[in-house]
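Written out below as structure tokens is the structure these notes cover.
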């Protein structure tokens, strides 16, 4: 009888590997640090967090027959994209947040001007990091294109614009999910696609894991909304919708064997997280 998959142990191991790779990527290496810019970039990325996007990148790579090491360039790249988006999102012109994960936000710690440049630096370093994975196997050039598509105006950036326009009182689930699909789902879709591409998967599997990431990302954002008491009018519908999205995620990887166990466990985790939040059992 096989042992049940240990998501906590897998997550701890892969997160440690991703964090070590991020530290290597963000190290100054004796280079000049104009205006503490490199310091601010390191601060922004290493503030903490779940590392869900890089973890999904690794999980998708493993599901497609690759390994963690091969996934690291894309895992680091997607986390830097995510971090840059948070730095800009926290600015006074956006959400005007002064604290993130219990620490001052980048514009508070380093100044508004440095926060803008910090985000710019992380965005460009993300593409450099991913491109440097070329030569280690996988379909890296296609991964670069996929990340650009999902991070740009047709993905995360466009989703942020939609979110600013829509506000916090949407009354239709379809409208809410249209925002979630771009603002949050897009980077998870990129994670799924890039993990598969770095494993050298074929187009069919890349598309499947890209869709897995998109659906997971929407479910993840529904859970966050419930935890944060956002979009209250749609809470019951969103909770039910997570069950549908998770079932689809499980179906998409049903035939992939043991290598897809992390993806299956992550999907079940977001479902449990959603229902716990809806029941008032706040946990994160």
Against the rule of thumb 2.2 N^0.38 Å, how large the Cα Rg of the range 1-113 comes out: 1.22
For the range 182-226, report the % of Cα-Cα distances exceeding 13 Å. 48 percent
Please report how far the C-alpha centroid of the range 126-175 lies from that of the range 34-75, rounded to the nearest whole angstrom. 15 Å
Quick one: grab Rg to one decimal and Dmax as a whole number for the range 164-284, Cα atoms only, in Å. 14.6, 43
Please report how far the C-alpha centroid of the range 236-284 lies from that of the range 185-227, rounded to the nearest whole angstrom. 13 Å
Ranked highest first by the average count of other Cβ atoms within 10 Å around their residues, in what order do 146-152, 251-257, 226-232 fall? 146-152, 226-232, 251-257
Could you please rank 127, 216, placing first whichever residue has the fewest other Cβ atoms within 10 Å of its Cβ? 127, 216
Sorted from largest down, what three extents in whole angstroms do the Cα atoms of the range 7-201 have along their principal axes? 49, 42, 32
In Å³ per residue, the alpha-carbon convex hull of the range 217-284 encloses 71 Å³
To make sure I understand, if each residue's beta carbon is the centre and we count other beta carbons within 10 Å, what order do 40, 85, 191 fall in, fewest to most? 85, 40, 191
Can you give the Kirkwood hydrodynamic radius of the range 69-153 from its Cα pairs, in Å with one decimal? 13.7 Å
Where only C-alpha atoms are counted, convex hull volume of the range 63-105 per residue in Å³: 93 Å³
Over the range 98-236, volume per residue of the alpha carbon convex hull, in Å³: 130 Å³
With 10 angstrom as the radius, rank 84, 43 by how many other C-beta atoms surround their C-beta, starting from the fewest. 43, 84
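FYI, it's all coordinate maths here, none of it is from the lab. Keep in mind it's a predicted model, so treat the numbers as computed, not measured. Note that each Cβ is placed from the backbone with ideal geometry, even for glycine, and that neighbours are counted across all protein chains shown.
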